[in-house]
Amino acid sequence: RYWTFNGSNSVSDSMGIYNLNFTAFNSPYTIENNGRVGKFLTLSDASGLIDGGALSLNNAVTIEFLIKPGDKFNTSKIMQRADDAFSIRMEYSRIIFSTTHKNTSGANVFDEFIIDLNGIGRKSYGYYVDNLWHHMVFKFDGASGVKEVWVDGQLPTGFSKTVSTG
């Protein structure tokens, strides 16, 4: 899936797979101009779930987006698959990247990767709520068990881990 918000139908998927559906859960939004890379989506305190369609996974997932949280940012869920195969949350003062997969024995492996934002730079909550754009990449490979959270082109120390393979 790839949403840029720049086309004539701003919420259309550039890959033609699934347009964002804001009416399924009655989630208000606005499309604004003059972002760092063109148009952008703005959500308010009243915004809730947005249907991005069914997403089939095999053994890996990468989620990439630009985000510009302001000083009042307190959203806990940024993205989640309905069956909790993965979720991305950010709250004061941590990033949480959860995954569930089956290990080589077929048992479910749930991992909640918590990155405490209690340091400096990318390890600081203030780094993200500075009202500037940030490039985030969340990667999980079930075959290798590697989970990574990339921030603004860097993989900071403590932003990766390895879990059971599957």
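Tabulated results
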{"read-out": "FRET efficiency, 1/(1 + (r/R0)^6) with R0 41 Å, evaluated for Met15 and Asp116 via beta carbons", "value": "0.70"}
{"read-out": "Per-residue ³J(HN,Hα) for segment 84-95, Karplus 6.51 cos²θ - 1.76 cosθ + 1.60, θ = phi - 60°, Hz, x for Gly and Pro", "value": "6, 4, 7, 8, 10, 10, 9, 8, 5, 10, 7, 10"}
{"read-out": "Greater than 28 Å apart at Cα, pairs in Lys39/Lys102; Lys102/Lys161; Lys102/Lys123", "value": "Lys39/Lys102; Lys102/Lys123"}
{"read-out": "Extension reserve of the Asp45-Asn103 stretch, reckoned as 0.36 nm per residue once the Cα distance is removed", "value": "17.1 nm"}
{"read-out": "Amide hydrogen neighbours beyond the local backbone of Asn19, cut-off 5 Å, H modeled", "value": "Asp13"}
{"read-out": "Derived scalar couplings ³J(HN,Hα) [segment 139-152; Karplus, 6.51 cos²θ - 1.76 cosθ + 1.60; whole Hz; x for Gly, Pro]", "value": "10, 9, 10, x, 5, 9, x, 7, 10, 9, 10, 9, 10, 6"}
{"read-out": "Inter-part distance where segment 1-52 and segment 118-139 are each reduced to a Cα centre, Å", "value": "22 Å"}
{"read-out": "Added length on full extension, which subtracts the Cα-Cα distance from 0.36 nm per residue, Ile31 to His135", "value": "35.5 nm"}
{"read-out": "Rough spin-label spacing in nm, given labels placed 7 Å along Cα→Cβ, for Ser164 and Ala60", "value": "2.2 nm"}
{"read-out": "Computed [θ] at 222 nm, helices only, for the chain once each DSSP H run of length n ≥ 4 contributes -39500 (n - 2.57)", "value": "-500 deg cm²/dmol"}
{"read-out": "Selected from Ile96, Ile120, Ile50 as most flexible by GNM, with the chain as the system and alpha-carbon contacts under 10 Å", "value": "Ile120"}
{"read-out": "In sequence order, calculated HN-Hα J values of segment 127-133 (Karplus, 6.51, -1.76, 1.60; Hz; x Gly/Pro)", "value": "4, 8, 9, 8, 6, 10, 6"}
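A short reminder: the numbers here are calculations on the coordinates, not readings from a lab. This structure is a prediction, so every number in the text was calculated from the model and none was measured. A quick note on method: Cβ atoms are made from the backbone with ideal geometry, for glycine too, and the neighbour counts reach across all protein chains shown.
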